[in-house]
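Input: a single structure, listed below in structure tokens.
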Amino acid sequence: MSDLSRNGHGPERYAARARAMLTDFPHEAAEKAAALIAACYEGGGKVLVCGNGGSAMEAQHLVAELVGKFERDRASLPALALHQNPASLTAVANDYGYDDAFAHQVEALGAPGDVLVAISTSGSSENVARAVLAAREKGLATVGYLGGGGNRLGPLMDVPVTIGAPDTATIQAGHLVLTHTICGLVEEALFSNKAVFVDRDGTLIVNRHYGSDPDRIELLDGVADGLRALRGAGYKLVLVSNQSGVARGYFDEAAIGRMHDRLQKMLDAHGAALDGLEYCPHHPEGEIFPYAVECACRKPAPGMLRRAARKHGLNLSASWMVGDIAADVEAGKRAGARTVLVGPEPSPLPPDFRAAGFREVVGHILGEGVGGGLGEKAGSAAGARL
């Protein structure tokens, strides 16, 4: 036994405090806080967070999980910790005093429908209290990460969440658990759907070089039945297609609209209409303004998948990207989805599965164990890209 343990300062004491805190963890208040934040995001709002010292670090932790991800790959959620801009923080503190350092930023950045998360282990930090008052004045909802019985801040908050522990360290441990609880519940509320993203030319329909004639659309074998089966298994169906013919001047966006309208009618006749259609009209080597640009949506970039995730509430970790070239595989992997490559095209990034046709794609996704029969998953060169 170490000297620390003999003197009653071993890890058991800290673990015991944490266990006691978790026994009385405020589950109901945490759920209300998560629901308030989810409603904010559903309404197009953002989350502002403030705190001092260790609470400032917890503010950054919450922001990181919202802007990035907690457990699910998904669209980013807007959030900002108010101490993260040292120029603004020190300018306000220098000119008006540190007690107003957060309140001025709430006045500048907050809008009705936003949420302020105010973190204070004592439950009475003056600069945090002033930020809450500024938030109420501007029409923001407020959530409190509190300790010390809530003290001053508790009665000011829409949803106070108080960690009942006698010491600051255990309160901060409770706030960490609260952050994870909120982020997990928010992701479950906003990103509960799974999807199969599908490339268009060469995956759903016969690939006709820069095709733009709706009358020449021909569904590939197994597509209609396969999409219907995927829909029946609970997947959203979303098309993601590079259409650089717009940037190159071969056709316009109206032509893409006609193509997709015709495709939807054909699929709908089989009960397999798509839930979303995303396309990228850009290409950096194009000739038509404003499409001749580098963008964030053209595969292999994941922009179209992330855009669809935001629109349809998609959990990208539970979703699949299906396409016939290397760019489809890379876009899917960069978005956090699993990938299927259809056909013999090589891919430097190995897909999760290789299939000869769409029936095998569906068989694999639905867990029917149908083999692709094409051998290696990885290739040595990227395929041609529209």
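The values are calculated or read from the model by the stated rules, or taken from the named source; none is laboratory data. Quantities reported herein were computed from a predicted structural model and do not represent experimental measurements. Neighbour counts are summed over all protein chains in view; Cβ atoms, including those assigned to glycine, are modelled from backbone coordinates with ideal geometry.
Of note:
- Matching residues, segment 335-348, being closer than 20 Å to residue 192 by Cα and touching a Leu at 6+ places or on another chain (Cβ under 9 Å): 335, 336, 337, 339
- The residues in segment 215-269 that are among the basic types (Lys, Arg) and more than 22 Å from residue 363 (Cβ to Cβ) can be counted, and the count is 5.
- Taking every residue in segment 244-255 that is in the same structural domain as residue 288 (by TED's automatic domain parsing) and pairing it with any residue that is among the basic types (Lys, Arg) and surrounded by fewer than 16 Cβ atoms within 10 Å (Cβ to Cβ), at least 6 positions away or on another chain, the pairs with Cβ-Cβ distances below 9 Å are 244/385.
- When residue 139 is tested against (1) within 24 Å of residue 186 (Cα to Cα); (2) touching a strand residue (DSSP E or B) at 6+ places or on another chain (Cβ under 6 Å), exactly one condition is not met: (2).
- All of 277, 316, 305 fail the test of being among the aliphatic types (A, V, I, L, M), surrounded by fewer than 23 Cβ atoms within 10 Å (Cβ to Cβ) and not assigned by TED's automatic domain parsing to the domain that holds residue 185, apart from 277.
- Segment 261-314, residues that are of a type in the set (Phe, Trp, Tyr) and farther than 15 Å from residue 198 by Cα: 289, 291
- Qualifying residue in segment 114-122 (condition: out of contact with any helix residue (DSSP H, G or I) (no Cβ under 7 Å at 6 or more places or on another chain) and more than 17 Å from residue 182 (Cα to Cα)): yes
- Condition check for residue 158: buried (at least 18 other Cβ atoms within 10 Å of the Cβ), touching a residue at least 60 places away in the same chain (Cβ under 8 Å) and farther than 21 Å from residue 23 by Cα: no
- Test: residue in segment 203-214 that is within 21 Å of residue 271 (Cα to Cα), in the same structural domain as residue 274 (by TED's automatic domain parsing) and without any contact (Cβ under 8 Å) to a residue 24 or more places away in the chain: yes
- Any chance residue 81 is within 22 Å of the chain's Cα centre (by Cα), under 30 Å from residue 190 (Cα atoms) and surrounded by 15 or more Cβ atoms within 10 Å (Cβ to Cβ): yes
- Residue in segment 216-228 that is of a type in the set (Gly, Ala, Ser) and part of a helix (DSSP H, G or I) present: yes
- Every condition in (1) outside any helix (DSSP H, G or I); (2) within 24 Å of residue 69 (Cα to Cα) holds for residue 203 except the one numbered (2).
- Residue in segment 259-266 that is in contact (Cβ under 8 Å) with a residue 40 or more places away in the chain and basic (Lys, Arg) present: yes
- Taking the criterion of being under 21 Å from residue 233 (Cβ atoms), in contact with a helix residue (DSSP H, G or I) (Cβ under 6 Å, 6 or more places away or on another chain) and of a type in the set (A, V, I, L, M, F, W, C), the residues of segment 343-364 that qualify are 353, 355, 358, 362.
- Residues in segment 35-78 that are of a type in the set (A, V, I, L, M), surrounded by fewer than 22 Cβ atoms within 10 Å (Cβ to Cβ) and under 24 Å from residue 319 (Cβ atoms): 38, 64, 67, 75.
- Taking segment 244-284 as the range and being touching a Cys at 6+ places or on another chain (Cβ under 8 Å) and hydroxyl-bearing (Ser, Thr, Tyr) as the test, only 244 passes.
- Subset of segment 142-155 (residues that are farther than 23 Å from residue 15 by Cβ and in contact (Cβ under 8 Å) with a residue 40 or more places away in the chain): 143
- Contacts under 9 angstrom Cβ, first residue in segment 289-309 being in contact (Cβ under 8 Å) with a residue 24 or more places away in the chain, partner among the aromatic types (Phe, Trp, Tyr), 6 or more apart: 304/197; 304/279; 305/197; 308/197; 309/191
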